[in-house]
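S.K.: Quick one: this structure, given as structure tokens, is what I'll be asking you about.
The values are calculated or read from the model by the stated rules, or taken from the named source; none is laboratory data. These numbers were taken from a predicted model, which means no experiment stands behind them. Here the Cβ is made from the backbone with ideal geometry for all residues, glycine too, and neighbour counts use every protein chain on show. Each accessible area value is taken on the protein alone, full model and side chains, heavy atoms only, with ligands, DNA and RNA left out. Shrake-Rupley method; radii C 1.70, N 1.55, O 1.52, S 1.80 Å.
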Amino acid sequence: MYTDLDVAHLYTLLNGWSRADDFYLARVMASNRVLDVGCGPGQLLRRARTEGHAGRLVGVDPDQAALTLARHDSSIEWHTGIAATMSFAAEFDLVVMSGHAFQSFITDDDLVASLAAIHRALAPGGMFAFETRNPARREWEDWAAGEPFSTIDHRGIPVIVSYQILSVAGDIVTLTETTATPDGTLLRVDEGQLRFIDPTLLSDLLVTSGFSIAARFGDWDETPFDPDAAELITIARA
Ligand SMILES: C[S@@+](CC[C@H](N)C(=O)[O-])C[C@H]1O[C@@H](n2cnc3c(N)ncnc32)[C@H](O)[C@@H]1O
């Protein structure tokens, strides 16, 4: 069996430092008070601290196991919880959501409540930076066609990881991640959902929530967003 902590370790192994992290890190380093919503194992804020960030760094995530890994850096505040129920008030210059955490907001109610809490958390003029995959690219079809792949987990044991799309309903994709041993013994199946929100709807919701859109990029090199881009990276001002 694979525990929640094993899954958190595997997530860290499969999601190493990337161009996206460089994009966010530059902004974190330029901001004194930073909130990372859906921080997972906390890789971004922990790197910011080791690179000399001296201000307030706060991570929020509902996943206790991921936070167990994040808490290796105790100079950072780690809170268990979801975005919608955060109670920070005008405390941050920057809120980030990296690693497509924004796509975890599935229902309209959760999305609106989460945007309201993020807006409340920001000082006036503060920035919210996040990305969501462009639905026009239908990336889930590539995942469905993808072959299982093998990797070595944190204990040095070979595991096979595969993804299966269970359903696509409107803009919500339901999928599973399966971890098994090379001889086919099942270790774990996790089911999750991701919302591939329409870019126009997203802009409307941000504006309704009190944000203005400062920039929209289609790539981590700050290429402007276009309808064929893989990512919709948004910088919104509160
Ligand atoms: C794909 S991980 C990204 C983790 C991290 N930001 C990164 O870049 O590696 C998405 C994270 O969002 C968290 N999450 C899911 N629903 C959430 C919610 N409603 N509010 C805040 N975080 C949430 C999950 O627990 C998970 O750790």
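S.K.: Among (1) open to solvent by 70 Å² or more (accessible area, probe 1.4 Å); (2) within 7 Å of the ligand (Cβ to nearest atom); (3) of a type in the set (A, V, I, L, M), where does A54 come up short?
M.R.: Condition not satisfied by A54: (2).
S.K.: Here is a list of conditions, (1) surrounded by fewer than 16 Cβ atoms within 10 Å (Cβ to Cβ); (2) within 11 Å of the ligand (Cβ to nearest atom); (3) closer than 21 Å to E131 by Cβ; (4) not β-branched (V, I, T), and G81 meets all of them except one; can you say which number that is?
M.R.: For G81, the exception is condition (3).
S.K.: Sticking with this one: Has the range 202-209 got at least one residue that is over 17 Å from the mean Cα position of the chain (by Cα) and among the charged types (D, E, K, R)?
M.R.: Yes: the range 202-209 contains one or more residues that are over 17 Å from the mean Cα position of the chain (by Cα) and among the charged types (D, E, K, R).
S.K.: Of (1) in a helix (DSSP H, G or I); (2) surrounded by 19 or more Cβ atoms within 10 Å (Cβ to Cβ); (3) touching a residue at least 60 places away in the same chain (Cβ under 8 Å); (4) within 14 Å of the ligand (Cβ to nearest atom), D6 satisfies all except one. Which?
M.R.: For D6, the exception is condition (4).
S.K.: Something else now. Can you list the strands (runs of 3 or more DSSP E) found entirely within the range 22-87 that contain at least 2 residues being within 22 Å of M127 (Cα to Cα) and without any contact (Cβ under 8 Å) to a residue 40 or more places away in the chain?
M.R.: On the way: elements: 33-37, 56-61, 77-80.
Result: 56-61, 77-80.
S.K.: Which ones in the range 89-115 are away from the ligand (no atom under 13 Å from the Cβ) and either assigned to a helix (DSSP H, G or I) or farther than 15 Å from S31 by Cα (or both)?
M.R.: We begin by selecting, within the range 89-115, every residue away from the ligand (no atom under 13 Å from the Cβ); these are 89-94, 108.
Passing the criteria: A89, D108.
S.K.: Criterion first (touching a strand residue (DSSP E or B) at 6+ places or on another chain (Cβ under 8 Å), within 12 Å of the ligand (Cβ to nearest atom) and either among the small types (G, A, S) or over 22 Å from E231 (Cβ atoms) (or both)) does G16 satisfy it? Explain how you work it out, then say what you get.
M.R.: Working: touching a strand residue (DSSP E or B) at 6+ places or on another chain (Cβ under 8 Å): no; within 12 Å of the ligand (Cβ to nearest atom): yes; either among the small types (G, A, S) or over 22 Å from E231 (Cβ atoms) (or both): yes.
Here the answer is no, as G16 does not meet what is asked.
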